[in-house]
Amino acid sequence: MKKKVTRHSLILIFLALLLFTLFFVLPRLFGSVSYKQGEQMVQEKQEKKQNSGAVVVFPPLDKVAYDTKMLELANNPSPPEPTTKIVKDPKTGEKTTVVVPAKPAPAYPWPVKAVYPNAGAILPFNRIIAYYGNLYSKKMGVLGEYPEGEMLAKLNREVKKWEAADPKTPVVPALHYIAVVAQGSPGKDGQYRARMPDSEIDKVLAIADKIPARPAGGNGIVFLDIQVGFSTIEVELPRLEKYLKLPNVHLGMDAEFSMKTGIRPGKIVGTFDAADINFAANYLAKIVKENNLPPKVLVVHRYTQKMITNYKAIKPLPEVQIVMHMDGWGGKAKKIGTYRNFIYPEPVQFTGFKLFYKNDVLTPGTTLMTPEDLLKLSPRPIYIQYQ
């Protein structure tokens with residue numbers, strides 16, 4: 001009986017040694033996948049995290065170059081030149097040519113006197129060319145209308161047009177994604193807006209990474225746009241903070257769908273006050289400071305007078321560059337009129353201009369405005385969005 005127990009124990013010990021060899025020794029000798037996934041992949045993730053947290057040092061802002069570029073963007077009329085006239089002496093009849101001094105140039109509202117941005121700012125040394133939309137819809141813009149490859153090819157063609165039209169201003173391609181979408185139905189919480197899942201935002205970030213790097217540096221940037229509906233920017237913005245901590249992610253806020261009066265989206269045009277915009281700017285500034293990021297760009301949509309109230313109280317910050325974006329559609333004359341009536345006379349910092357591939361050419365005989373058309377505007381828009 002004692003002999004049988006000893007033999008059984010030896011068998012168990014042999015099996016244990018065999019299992020140990022199979023699962024722990026042989027994988028390390030032959031580079032097993034399970035080992036890589038167990039230890040090496042953890043190490044790779046840690047290294048990637050450490051690298052992503054590296055602080056990028058930007059050269060200090062050249063304020064003289066900044067002021068020069070801002071004056072160029074203002075595109076004000078050339079100052080009047082002195083003229084001459086012939087004056088005849090009433091006594092002698094002698095004629096003399098005299099110089100008539102030019103009248104003083106009027107005080108133009110552009111360029112805006114605002115705080116200088118921190119180092120690493122995108123504007124005004126670069127122009128942003130953005131494709132707008134939502135991946136769930138083919139009707140909300142080109143970003144969701146076309147397959148990924150076709151959409152990126154179209155965006156690249158627009159980028160090249162702008163590079164040719166204004167060679168002195170490098171182009172930064174962008175995807176402007178509607179991350180919070182206003183809707184006609186109240187939804188479960190009665191807020192008339194739908195929040196896009198993180199998986200969709202992740203898709204847009206992945207697509208932006210496929211945009212070829214430009215001379216301005218880096219791949220495509222991303223704007224996350226908020227249409228609050230019955231909600232508020234104070235409620236919706238913090239939900240996107242983890243994305244806004246990324247250096248290539250910026251913000252858009254659409255006043256058209258900020259329904260402060262209780263009338264559902266689509267029935268009337270909504271509104272944002274300076275307090276809403278300042279909240280967003282200060283929230284972004286806090287993210288920039290805490291994460292050692294370059295300045296963020298905040299795009300505010302506008303195409304009527306009442307869409308933005310108390311514009312004089314809007315405060316650009318060293319960490320946040322504010323673009324007042326002309327979002328109206330129609331023919332060339334109508335769009336220029338909207339820009340002159342609602343963007344030009346209420347300066348904040350920078351301007352944007354939206355082009356609609358379809359709605360701008362609904363009237364027979366009309367054509368889409370070209371980069372050359374937009375460069376004639378005063379001020380010249382530095383953010384261009386295609387829908």
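The values are calculated or read from the model by the stated rules, or taken from the named source; none is laboratory data. These figures come from a predicted structure and were not determined experimentally. Virtual Cβ from ideal backbone geometry, glycine too; neighbours counted across all protein chains shown.
Select, from Gly133, Gly120, the only residue that is surrounded by 15 or more Cβ atoms within 10 Å (Cβ to Cβ), at positive phi, part of a loop (DSSP other than H, G, I, E, B) and under 31 Å from the mean Cα position of the chain (by Cα).
Of Gly133, Gly120, the one residue that is surrounded by 15 or more Cβ atoms within 10 Å (Cβ to Cβ), at positive phi, part of a loop (DSSP other than H, G, I, E, B) and under 31 Å from the mean Cα position of the chain (by Cα) is Gly120.
Mind checking which pairs have a first residue in the range 325-354 that is over 16 Å from Lys376 (Cα atoms) and modelled with pLDDT of 95 or more and a second that is surrounded by fewer than 24 Cβ atoms within 10 Å (Cβ to Cβ) and polar (S, T, N, Q), Cβ under 7 Å, 6 or more apart or different chains?
Listed by first residue and then by second, the contacts come to Phe342/Thr304; Phe342/Gln305.
Has the range 281-288 got at least one residue that is more than 19 Å from Pro124 (Cβ to Cβ), in contact (Cβ under 8 Å) with a residue 40 or more places away in the chain and among the basic types (Lys, Arg)?
No, the conditions are met nowhere in the range 281-288.
Tell me the residue from Phe342, Phe356, Phe350 that is buried (at least 17 other Cβ atoms within 10 Å of the Cβ) and in contact with a Lys or Arg (Cβ under 7 Å, 6 or more places away or on another chain), please.
The match here is Phe342.
Could you list, in sequence order, the residues of the range 362-380 that are without any contact (Cβ under 8 Å) to a residue 60 or more places away in the chain and either loosely packed, with under 14 Cβ neighbours inside 10 Å or part of a loop (DSSP other than H, G, I, E, B) (or both)?
Scanning the range 362-380 gives Leu362, Thr363, Pro364, Gly365, Thr366, Thr367, Leu368, Met369.
Restrict the check to the range 74-95 and report whether at least one residue is modelled with pLDDT of 90 or more, within 30 Å of Lys376 (Cα to Cα), of a type in the set (A, V, I, L, M, F, W, C) and touching a helix residue (DSSP H, G or I) at 6+ places or on another chain (Cβ under 8 Å). Show your work before the answer.
Our first condition is that a residue be modelled with pLDDT of 90 or more; within the range 74-95, this holds for 74-77.
Narrowing further to those that are within 30 Å of Lys376 (Cα to Cα): 74-77.
Narrowing the set further to residues that are of a type in the set (A, V, I, L, M, F, W, C) leaves 74.
Keeping just the survivors that are touching a helix residue (DSSP H, G or I) at 6+ places or on another chain (Cβ under 8 Å) gives none.
No, that holds for no residue.
Within the range 279-333, how many residues turn out to be surrounded by fewer than 17 Cβ atoms within 10 Å (Cβ to Cβ), more than 26 Å from Met140 (Cα to Cα) and small (Gly, Ala, Ser)?
Qualifying residue count, the range 279-333: 1.
What about Thr304, is it in a loop (DSSP other than H, G, I, E, B) and among the β-branched types (Val, Ile, Thr)? Walk me through it before giving the result.
Numbers: in a loop (DSSP other than H, G, I, E, B): yes; among the β-branched types (Val, Ile, Thr): yes.
Yes: the conditions hold for Thr304.
Could you please let me know if Thr92 is hydroxyl-bearing (Ser, Thr, Tyr), part of a loop (DSSP other than H, G, I, E, B), exposed (fewer than 12 other Cβ atoms within 10 Å of the Cβ) and without any contact (Cβ under 8 Å) to a residue 40 or more places away in the chain?
yes
Would you pick out the residues in the range 241-284 that are under 20 Å from His176 (Cα atoms), of a type outside the set (Asp, Glu) and in a helix (DSSP H, G or I)?
If the condition is that a residue be under 20 Å from His176 (Cα atoms), of a type outside the set (Asp, Glu) and in a helix (DSSP H, G or I), then Lys242, Tyr243, Leu244, Ala255, Phe257, Ile277, Ala280, Ala281, Tyr283, Leu284 are the ones that fit.
Hey, could you check the range 196-217 for residues that are among the small types (Gly, Ala, Ser) and not in a helix (DSSP H, G or I) and say which is surrounded by the fewest Cβ atoms within 10 Å (Cβ to Cβ)?
Narrowing the range 196-217 to residues among the small types (Gly, Ala, Ser): 199, 206, 208, 213, 216-217.
Filter once more, keeping what is not in a helix (DSSP H, G or I): 213, 216-217.
Values: Ala213: 10, Ala216: 16, Gly217: 12.
Per the stated criteria, the residue is Ala213.
Looking only at the range 218-233, filter to residues that are farther than 15 Å from Ala255 by Cα and assigned to a loop (DSSP other than H, G, I, E, B); which one of those is nearest to the chain's Cα centre (by Cα)?
The selected residue is Gly220.
Could you list, in sequence order, all residues of the range 163-195 that are under 13 Å from Ile129 (Cα atoms), among the β-branched types (Val, Ile, Thr) and assigned to a strand (DSSP E or B)?
Result: Val171, Val172.
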